[in-house]
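Below you'll find the structure, written out as structure tokens, and then a few comments.
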Amino acid sequence: MADNNKFDEQTVTELVDNIVKSYRECEYISKIDSARQPDKDVIEGIINSVKKLLFPGYFETKRLKSEFIRYYVGELIEEIKYNLERQMIYAYSFTNGEDMKKAEKLAKEKTECFLVKIPGIREYLNTDVYATYEGDPAAYSYDEIIYSYPGIYAIMIYRVAHELYNLSVPLIPRIMTEYAHSRTGIDIHPGATIGKYFCIDHGTGIVIGETTIIGEHVKIYQGVTLGGLSTSGGQKLKGVRRHPTIEDNVTIYAGASILGGNTVIGANSVVGGNAFITKSVDRDTRITVEAQKLKIRSKGNK
């Protein structure tokens, strides 16, 4: 009996030709003869090294002793500087098409600018951990939050990526926050602006868009979307304010959607679960959804 699915030499040759042809035709998903691109695994390693600088003593494999702390920090900085600088070179040459000399110069300058931001990132994270502990009666220690809370992990990576984003580093900030997204289910664009004492409770399904502005002492729960009112304009909307502003001391409960670049949630407000908001609300406002009704009946009643 003949094998109609025989994978013979002619079939393989035709297959290879068709795939190579598709490389030419499907230009948006092909990068042939391009410069070396950033390595996602190395960037994830950079995140883990920066995490050790931000939370000293928490993620080492051995006890961190105070008498050796300066050597430890110096070694970490050297490691981060080398790896981040190399990845930036690839990002500038791969994404922006810069020649190698210019890419190397930019990478060196931007890496050094980023590293001096580390103390400031720690200052913000210190307030985020405090706000998370104070706002969650289920938290029994700061250690528990730092070791295990996905919200703090996502915020940490966002705050690192945000500094790189502000330095106009291509590609790498988004790789970082999408790594956090894949690990936690929390999607924070590195371009968002978020103040101190930021608390994410539970967190799964949260989306915070690129041009979102969040003030201080803001708490949001799982499933919250701070998004654009419409993306039908596509690339024409690049650089346009598309996402809302959340002022200080606002709490947003699970499942709420707040959309639009002109939408402002005033300070000291509370947004109830599943609310859908596309217009601004004044400060000191409580927003609830009252139209929905919950009906409970036994199986015997039809």
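The values are calculated or read from the model by the stated rules, or taken from the named source; none is laboratory data. Note that the structure is a prediction, hence the values are computed from the model and not measured. Here Cβ is always computed from backbone atoms with ideal geometry, including for glycine, and neighbour counts include all displayed protein chains. Calculation scope for accessible area: heavy atoms of the full protein, side chains included, ligands and nucleic acids excluded. Shrake-Rupley method; radii C 1.70, N 1.55, O 1.52, S 1.80 Å.
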From the helices alone, meaning DSSP H stretches of at least four residues, give me the mean residue ellipticity at 222 nm for the chain, per-run term -39500 (n - 2.57), in deg cm²/dmol to the nearest 500. -14500 deg cm²/dmol
Enumerate the amide H contacts of T225 below 5 Å, restricted to partners 5 or more residues apart or on another chain; note that Pro and chain-start residues carry no placed amide H. V207, A256, S257, I258
Per residue of the stretch 166-183, in order, report the coupling 6.51 cos²θ - 1.76 cosθ + 1.60 (Karplus, θ = phi - 60°) as ³J(HN,Hα) in whole Hz, putting x for Gly and Pro. 5, 8, 6, 6, x, 6, 4, x, 6, 4, 5, 6, 6, 5, 4, 4, 5, 7
Farthest positive-ward along the chain dipole, Cα basis, beta-carbon charges - from A254, Y130, P150: A254
Go through the stretch 121-127 residue by residue and turn each phi into a ³J(HN,Hα) via Karplus (6.51, -1.76, 1.60, θ = phi - 60°); whole Hz please, and just put x for glycine and proline. 4, 4, 4, 5, 5, 4, 6
Length-normalised contact order for the chain - Cα pairs under 8 Å, 6+ apart - percent: 10 percent
Options G74, S298, A275, ranked by Cα towards positive dipole end of the chain, top entry (Cβ charges): S298
Report, ordered by chain and residue number, the aspartates and glutamates lying within cross-link reach of K105, taken as a straight Cα distance under 18 Å and ignoring same-chain residues fewer than 8 apart. E78, E85
Applying a 10 Å radius around every beta-carbon, put 206-214, 273-281, 55-63 in order of their mean neighbour count, most first. 206-214, 273-281, 55-63
Carbon/sulfur accessible area of the chain, % of total, 1.4 Å probe, equals 50 percent
Kindly identify the chain as rounded, prolate or oblate by the Cα gyration tensor criterion: order the square roots of the eigenvalues as a ≥ b ≥ c, call it rounded if a/c is under 1.5, otherwise compare a/b with b/c, prolate if a/b is larger, else oblate. oblate
Accessible area per residue in Å² at 1.4 Å probe, computed on the stretch 69-114: 60 Å²
With charges only on Cβ, +1 for K and R and -1 for D and E, what is the dipole size of the stretch 107-208 about its Cα centre, in debye, rounded to 20? 400 debye
Ranking by accessible area, most exposed first, for I29, I194 with a 1.4 Å probe: I29, I194
